[in-house]
Structure formats: C-alpha cells, structure tokens
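Every number here is computed from the coordinates shown, using simple stated rules; none is lab data. On a predicted model such as this, the values are computed, not experimentally measured, just so you know. Backbone-built Cβ (ideal geometry, glycine too); neighbour counts: all protein chains shown.
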Amino acid sequence: MADTEKARGVPGALNAAAGTENRGTVGAANKAAGTEFLGLPAALNRLQGGGPGPDPGEKLPAPATVTVSNVTPNSADVTWAAVTGAELYVISVSPGGQVYGAEAPPFALSGLDPATAYTVTVAGVSAASVIGNSKGAGFTTGQLLAAPAGLNLTAVGESSFTAEWQYVAATDGKTNVPITPAWFELNTEYGATVITNYTDDGSVRRFTVAPMPADTPFTLKVIAKADTNSSPPASVSGKTLTPATKPPDKIAGLRYTDTTTSSIAVDWTPSDRAVSYEVIAVGGGETFALPGVQRPYNVTGLKSNTEYTITVAGVNSSGKGPESDSIRVYTQHEAGSTEPTNSGEEATGDAGQ
C-alpha cells in the first residue's frame, strides 16, 4: 500500500496486530497478515473510505464467551457471544500471528499445524473503528493419523463377514513421534443402510460385522480415530453369501502355525461356502470339539508334551461338511523335559492337499 493511505480512520491496534504500524486500511493490514477480509459489512468499507473517522468513544466490552469446537489436525471452529455495538470482529491466532475478520460468529480456522497448542482471541470493532477488549480460548490441534493399510475380508458368510487390516503409524511432522489410533470406526454400507461399529481400542486389527442380510453387496470403510482426529478411510467391498443349498466341501490345507506347552495354532484354506468352521483336536485322553470358529484358530487348554490329532470341517446353514485330512502335532515340552517336539513333524494325509 502507498503512504497516501496512512491512518485513514483505521485503528492502530488492528494494524499492529497485523504486523504494521498505521500504514493503510484494514484490508491492507490483513494482506500483511496473509489474510483477506471478504464480504464484510458496510461499516468496514466506511473505515477504508478515508477521513479521520468519528469520535472513537469507549472500547467495546470483550465477548462474554469464546469457545473452540470441531478441532482437527488442521482446523477448528471458533464461536463467541455477540457484543452489542460491534460492526465486525477481529479473530487473532497464536502462534502464527494470523488475523481474521468476521461479521458474526462462528468462524472456521484453517491451515493450522497438527499437534500444536493455539490461543485464539476475539474482539469486537465498533462503528468508530475502535477495537474492543478481547477474550481468548486455548485449544490443541489433533495429531495426524494414517489410514489403515492392507484391509481385506478374511471370511464372508450368509449373515456376517470378518475383516482384517494393519496399521503403520504416521508421525506428527514435528517431533517424528509415531501417532497411533485410540480406536477404529467401521462403517458398513449396503443399499441405503449404514452400520457403524467401533473397536474397543486401537490395538484391534480384526473385526466381525454381524448380522448382515444374505446375498447382499456391501462396502466396508475403516477409519483410525483419536479424540480430535480421524484418518482417511480404507475401504473394501464384498458380498454376503447366498443361502446354502448344501454343506461345504472338504477343507484343504490344514496346517499348524505355532505351538506352546498348552496350545496349538492352526490355519487352513478358506471354503467359499463355509460360514464358520468346527475344529476337532484329540489327544491326551481328551477330545476338543470347537464349533463356530473362524480361521486362523488357536486351540488352547491342551496338555504339554502331548500329541494331538486335529481336523477341521466347514459349516453353513445346510450343515457340516466332511472333516479335513488330519494333522498330528505335539505341544511343546515343559522346561527341562526331553519329550519329543514337532521338529521335523509332518502332517498325515498331507493335510488335505
């Protein structure tokens, strides 16, 4: 702005807030602050119209309340109690020194840094161009959350499906500290219906959505959540099964993936027609029949140093299918024991292959 625009009825306080000293109009002050007053009331235009301006009189009181809501990593909404006699309001944000103008509350702040503590103040400006007393409020922007990765459907039945995903923590861009979610939100959309579920905490990476209608296409969206932040969604689509007309075929690919002194973890090739599975483990004079499970599965409560014969069968609304070929697996021995383990142990019947 040229020097001919100096101090034309514009308060020095506003110019100072914008980093200038009585050099130009309110619009010029905002340009200095990197903002623009747009669509402001006629009173502001009069402030920019030249002349010494009216008698400033007394300062307007500060707003009775200033509140901040809808805080995200990069934005927040500010509202305040209206001040009698205010023609517009000056909103100042620190750190950063941004100065904005608004005709009335609320006002949306944008371009904020994530994981940063801010203070916002609001003051009314009278028709005489005097900035009134200000009132402030503090808030902290949210941390950046990355979208869940590797979202996939691990089991789809007639009335339910199970999804799994991974989470690779992002950083806040300042401290480079990994940011992890507090929980996950799952939105299942089919037709005009949306089912929303939440995990218990941010460590969960697997969830079963039920009940669902049969033979129905759906889209699942998973969002990482924190108190003040939501990640972009990850999505996957599928279709629930048509009601079965016969039981599942024989399950293939049964294998063990891990053992302890009291458990054996098993997995197998999924069946398109299986809604759930039944795992049977026989050994140590006991038989464990475990219906209604999903893959993979961890058989627990077993004896140490004991060989178990394990099979699995698929189940749907038409019944249980044939059992798979069996595998023989030893639980681990207790410390100090010299009993056999699964080193070199192979499945009988090649586990259905």
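In terms of the mean number of neighbouring beta-carbon atoms within 10 Å, the peptides 219-226, 65-72 order highest first as 219-226, 65-72. Kirkwood hydrodynamic radius computed over the stretch 126-238 comes to 16.2 Å, based on all pairs of distinct alpha carbons. Sorting the segments 89-100, 232-243 by their mean number of nearby beta carbons within 10 angstrom, highest to lowest, gives 89-100, 232-243. Shown in residue order for the stretch 124-131 are the 3J(HN,Hα) couplings computed by the Karplus curve 6.51 cos²θ - 1.76 cosθ + 1.60 at θ = phi - 60°: x, 10, 7, 4, 8, 6, 8, 6 Hz (x for Gly and Pro).
Over the stretch 206-314, the Kirkwood radius and the radius of gyration, each from Cα atoms, give a ratio Rg/Rh of 1.08.
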